[in-house]
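Before any comments, here is the structure.
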Amino acid sequence: MTHTRSSAYDHLLPSTRSVHAGEARRKPLGSLIEPLFQTSTYTFDSMAEAVAFQDAHNKGHVEDVFEYGRYGNPTIAAAEARIAALEHAETAVLVASGMASLAFTFLQYLPSGSHVIITDDSYRRTRQLVEDHLKKFNVDCTVVPLGDFAALEAAIRPETRILFSETPSNPYLRVLDVERFAEIGRSRGLITVLDCTFATPINLTPLDYGIDVVIHSATKYLGGHNDLLAGVIAGSHDVVDYIRGYVGILGGISDPNTASLLIRGLKTLDLRVRQQNRTAQKVAEFLAAHPAVEQVWYPGLESHPGHEIASKQMAGYGGVLSFTVRGGRDESFRFIDALKIPYISASLGGTETLVLHVAAQAYSDLKPQQCEKAGIPQNLVRLALGLEDADDLIADLDQALSGL
Ligand SMILES: Cc1ncc(COP(=O)(O)O)c(C=O)c1O
């Protein structure tokens, strides 16, 4: 069984890739659907076959022959090939979570004594991983404001190995000039790593701009149904194959059942993301005009500082927005409690609209003054749009805001 590499899909558009990329035309027993190989190990018919496998393996990459579950699985390989095709990548590795994809990439490419630069407004756990935990491995880190390229260049040292950023960022949806970021990395011989969970490959394919590694929390839009946890690392064989090897040693692999759910979710990725782009734009415009709302952050609004660059490099502005409710913590709690459709929950990218009080949920360990200092006011709300009708969501938001 052959999982066709992404180059076979180069001429196809994202919706076709979402449905077909990476699959073998003829699957076992003529199955239309990618089979779920729920197995932890694989067998050989004879010692001659086992030895031939080992010989081939020792000489380099063995495609579509599997020895043991920690090193590969056909269902996982099919999900990886589909994501690689969507990202315009040579290859992709599926791992246990978005955080695992970040941890493996950093651990592989940040030896003891090295240095990494990360932009602010990145996912909080990523910042904690880089700022606190990598210190144990004698890895130093500098945080620079997203979009401040002078600060980025000034922070580069001889021992710097990785430039890391996210776009759009969380919770302010700031937009990185991806081409400029990649160019700085290339000219200084550094690996550029971009977490594009919020963008999805439907809205942005950063490898086309020269980025080396794209990371996703596949838990979000790629899975799309709030029913799995996974992470993805995509890029060239030169860079990603080392991470694949490292994952086989550290063991934070994904599992076939998750990969099967992911393949199913990916089939509707293009459809879902386009709808979520449309709904978010409509909701952002509604909120921006509402008297009970102070400010809205959404790259699709002309007032957003990232609007111009997002319009140049993205096919859509994404399905997440943040806004401040007029008032403080009490008013924003009352508003959230009055909502009937969105669920109060910490994730994003699925079929259900989710609402998050950023200070109380994502920064619950900080006191209000510390939150304020970190740029997180007590009335900041994040909304991750699902697939409900935009008009129903707007009516619900309106009734909840009107009650304040
Ligand atoms: C931008 C971003 N990156 C990474 C992660 C971590 O992903 P996971 O929860 O799949 O480990 C998240 C999770 O919320 C995220 O929002």
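Being of a type in the set (Lys, Arg), buried (at least 19 other Cβ atoms within 10 Å of the Cβ) and touching a Ser or Thr at 6+ places or on another chain (Cβ under 9 Å) holds for only one residue in 17, 25, and it is 17. Can you confirm whether the range 338-351 contains a residue that is in a helix (DSSP H, G or I), surrounded by fewer than 21 Cβ atoms within 10 Å (Cβ to Cβ), out of contact with any strand residue (DSSP E or B) (no Cβ under 6 Å at 6 or more places or on another chain) and not assigned by TED's automatic domain parsing to the domain that holds residue 198? Within the range 338-351, one or more residues are in a helix (DSSP H, G or I), surrounded by fewer than 21 Cβ atoms within 10 Å (Cβ to Cβ), out of contact with any strand residue (DSSP E or B) (no Cβ under 6 Å at 6 or more places or on another chain) and not assigned by TED's automatic domain parsing to the domain that holds residue 198. What's the number of the only condition in (1) within 16 Å of the ligand (Cβ to nearest atom); (2) farther than 27 Å from residue 228 by Cβ; (3) among the small types (Gly, Ala, Ser) that residue 375 fails to meet? Going through (1) within 16 Å of the ligand (Cβ to nearest atom); (2) farther than 27 Å from residue 228 by Cβ; (3) among the small types (Gly, Ala, Ser) one by one, residue 375 breaks only (1).
Each row is one residue, and each column tells you yes or no for (1) touching a residue at least 60 places away in the same chain (Cβ under 8 Å); (2) of a type in the set (Lys, Arg); (3) out of contact with any Leu (no Cβ under 6 Å at 6 or more places or on another chain).
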| position | (1), (2), (3) |
| --- | --- |
| 352 | yes, no, yes |
| 364 | no, no, yes |
| 367 | no, yes, yes |
| 371 | no, no, yes |
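A residue that is in contact with a Gly (Cβ under 9 Å, 6 or more places away or on another chain), in a helix (DSSP H, G or I) and at pLDDT 95 or above occurs somewhere in the range 284-292. Among the residues of the range 231-257, those that are assigned to a helix (DSSP H, G or I) and farther than 19 Å from residue 85 by Cα comprise 242, 245, 246, 247, 248, 249, 250, 256, 257.
Scanning the range 15-36 for residues that are assigned to a loop (DSSP other than H, G, I, E, B) and among the hydrophobic types (A, V, I, L, M, F, W, C), we see that the one that is nearest to residue 256 (Cα to Cα) is 36. In the range 300-309 there is at least one residue matching the filter, namely being farther than 17 Å from residue 122 by Cβ, over 23 Å from the mean Cα position of the chain (by Cα) and not small (Gly, Ala, Ser).
Within the range 356-367, the set of residues being surrounded by fewer than 21 Cβ atoms within 10 Å (Cβ to Cβ) and not acidic (Asp, Glu) comprises 360, 361, 362, 363, 364, 366, 367.
The values are calculated or read from the model by the stated rules, or taken from the named source; none is laboratory data. Only a predicted model underlies this, so the values are computations on that prediction, with no experimental measurement involved. Note that each Cβ is placed from the backbone with ideal geometry, even for glycine, and that neighbours are counted across all protein chains shown.
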